[in-house]
1. Could you give the size of the charge dipole of the chain about its Cα centre, using +1 on the Cβ of each K and R and -1 on the Cβ of each D and E, expressed in debye and rounded to the nearest 20?
2. Any idea what angle helix 290-301 forms with the longest principal axis of the chain, computed on alpha-carbon atoms, 0 to 90 degrees, nearest 10?
3. May I ask you to compute the full-extension gain from Asn257 to Glu194, defined as 0.36 nm times their residue separation minus their alpha-carbon distance, rounded to one decimal in nm?
4. No other cysteine beta carbon under 4.7 Å away is the test; run it over the chain and list who passes.
5. Only bridges with both residues in the chain count here: give the DSSP antiparallel percent, nearest 5.
6. Once the Cβ-Cβ distance between Thr101 and Ala146 is put in as r, and R0 is 22 Å, what FRET efficiency do you end up with, to the nearest 0.05?
7. Have a look at Ala46, Ala137, Gln200 and report the one farthest towards the positive end of the charge dipole of the stretch 9-224, computed about the Cα centre with Cβ charges (Lys/Arg +1, Asp/Glu -1).
8. What does the highest-first list of 222-230, 95-103 look like by mean Cβ count within 10 Å?
Amino acid sequence: MENKPLEHTSLERKSLDSLQLVVEEIGKRIVGQKAVIEQVLVCLLARGHCLLEGAPGLAKTLLASSLAETLEQSFHRLQFTPDLMPSDIVGTELLEEIHATGKREFNFIKGPVFTHFLLADEINRTPPKTQAALLEAMQEKQVTYAGKRYALPDPFFVLATQNPVEQSGTYPLPEAQLDRFLMLVKVDYPSAEEELQVLQRTTGNYSATLKPLLNAEQIIELQQLVKEVVIAPELLEFAVQLVRQTRPVESAHDMVNKYVIWGAGPRAGQALVLCAKAKALIAGRFAVTLEDLQSVAASVLRHRILLNFHAEADKQSADAIVEQLWQDSLKGQSFL
């Protein structure tokens, strides 16, 4: 399929040019992790929320704050703990006295969720009631308190983290709530060369000032442009079939029928296409390629596939199943 050139206004062209510099700019502060940074940016452009999973000390918090700084957005970090309450996230009402009249009335004090970028650090360390309060705000883009609705800023982006290593005292997100995250991005350990560079930077006098490249208006503009990116009918059909093959009821794949309890739903197909479009836009293209779909497939599908105990016993992962399904789906495709 031939890639169409981007044909937009000069203002949109400027936003697109700046977008392609974001990953490089954040790289001044974050060593390596280029793929992770790009996938987080994909998630933002697709108007979703991102769940980062990785061991402690892999710069997940620094990535979130650096992204907000580069995109010139307000930023709050919220450490999730077992005693955190929903009101600690969304806000609460306080009884205040009006000095002019002497009367008292309740006034809503907005919580940390009222920001452009919210880092929900270790989201699996807080009880389900508090997790649900955040997930409702993520889905509705608003907070309801005492019968009144309060709109969240636009853009509103939640970057949540969870530690896969230590599970003591944690409250894993149910599958239905995991599905609310557009992508689950895994953060791996750096290479030996990258780790050496980390030590050189963090144990010396190195400091990096990030240049703001985009503002809220430009981000919203780019989010709207994502839906204008075209995808060929055969690639759209390929995405549908890939998602459907993750479901044991419909899949003809032995690996799925043996290891999967529940496959990805229709929301996964929507996420796959939108993320592929955002990936194409970051690359400066106005048409989705097969490589765009492949680059986001694992992050879109891994948390939407529920495995059984056979998979755990045989040390099979959702990533391995997605990879096998991808390779099998490619066989016999005419557009290759």
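1. Here the chain has a charge dipole of around 400 debye.
2. Here the helix axis deviates by roughly 60 degrees.
3. My answer for the length gained is 18.7 nm.
4. Cys275
5. The antiparallel fraction comes to roughly 40 percent.
6. About 0.55, to the nearest 0.05.
7. The listed residue farthest towards the positive side: Ala137.
8. With the highest mean Cβ count within 10 Å placed first, the list reads 222-230, 95-103.
Read the figures in this text as sums done on the coordinates, not as results from a lab. Not measured: the values here are computed from a predicted model. In this analysis, Cβ positions are derived from the backbone assuming ideal geometry, glycine residues included, and neighbour counts consider all displayed protein chains.
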